[in-house]
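Please read the structure below before turning to the comments.
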Amino acid sequence: MKNRVSAVILAGGQSRRFDYDDKGLLEWQGMALVQHVISRLEPQTDQLIINSNQNLDAYRGFGYEICSDQQDGFQGPLAGIQAALPLAEYEWVLVSPCDTPLLPNNLVERLLTVLLDQDADIAYPVCDGRQHYLPVLLKASLLPSINQYLAGEQRSMKGWYRHENCIAVPFSTSPEVFSNFNNREDLLS
């Protein structure tokens, strides 16, 4: 039986490096960045949720469930994951930022295969020697752990991973597939 997977796209950041323009809605190659991520994840997953803290009507226009952080002040990716996990219909949840438009088409399959084989709770990619803490595949049942970690005023994905049963999964692909857009010049490529 196939393991079903929910997906969460994190579009809840401030986009400071983009002069506070909502990064997920910025166009690259004729589509919003978030639409690129949707097109990569939709065929690989069974449910899609978008986490956003602004421009909610624009994100609703993509036709997926929307959630916003429970905490004020743009607290980072873990706060977005915290908000989305209660909406996840499946045990496994793939979480991706909205600004990684080149994700591999086998991302979920590869992470899930290794995660199940190694009996881990969290799997994230490593490519060309570099660890990418997002995207990540994790168990929805880790929500209490995230709640506890955030309650301690900690926000680091890497820091939270240290407390969990996680594994880095090697990908033998071009490192660019996990690159995210950090400035406007990236949109020109």
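The values are calculated or read from the model by the stated rules, or taken from the named source; none is laboratory data. In this text the structure is predicted, and so the values were computed from the model without any measurement. Don't worry about glycine lacking a Cβ; one is built from the backbone with ideal geometry, like all the others, and counts go over all protein chains shown. Accessible surface is based on the protein model in full, side chains and every heavy atom, while ligands, DNA and RNA are left aside. Shrake-Rupley method; radii C 1.70, N 1.55, O 1.52, S 1.80 Å.
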Open item on the list: Which of the three applies to the stretch 111-165, rounded, prolate or oblate, going by the alpha-carbon gyration tensor with a ≥ b ≥ c and a/c under 1.5 meaning rounded?
Closed with: oblate
Open item on the list: Give me the extension gain from Glu27 to Asn147: residue separation times 0.36 nm, minus the current Cα-Cα distance, reported in nm with one decimal.
Closed with: 39.8 nm
Task: Calculated over the stretch 36-99: convex hull of Cα atoms, volume per residue (Å³) - done: 89
- [ ] Describe numerically, in nm with one decimal, the distance between label points set 7 Å from Cα along Cα→Cβ at Asp46 and at Asp117.
- [x] 2.2
TODO: Please identify every one of the GluC sites (Glu not before Pro) in the stretch 89-189 that sits in a loop by DSSP and has no more than 10 other beta carbons within 10 Å of its own beta carbon.
DONE: Glu153
TODO: Could you check what % of the DSSP bridge pairs in the chain are antiparallel, to the nearest 5?
DONE: 30
- [ ] For the stretch 90-189, just say rounded, prolate or oblate: build the C-alpha gyration tensor, square-root its eigenvalues into a ≥ b ≥ c, call rounded for a/c under 1.5, and beyond that prolate if a/b exceeds b/c, oblate if not.
- [x] oblate
Task: Label zone at Glu89 (point 7 Å along Cα-to-Cβ), backbone N below 20 Å, the stretch 39-61 - done: 39-52, 60-61
Task: Solvent-accessible area of His163 with every protein chain in place, 1.4 Å probe, in Å² to the nearest 10 - done: 130
TODO: Treating cross-link reach as a plain straight distance, find the lysines whose alpha-carbon is under 22 Å from the alpha-carbon of Lys139, omitting any fewer than eight places away in the same chain.
DONE: Lys2, Lys158
TODO: Work the Kirkwood hydrodynamic radius out for the chain: mean of 1/r over every pair of different alpha-carbon atoms, inverted, in Å.
DONE: 16.5
Task: Separation of the Ser174 and Arg60 label points, Cα + 7 Å toward Cβ, nm - done: 3.8
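What's the longest uninterrupted piece of the chain once you rule out the trypsin sites (Lys or Arg not before Pro) that are loop residues per DSSP with at most 16 other Cβ within 10 Å?
Value returned for the longest uninterrupted segment is 5-154.
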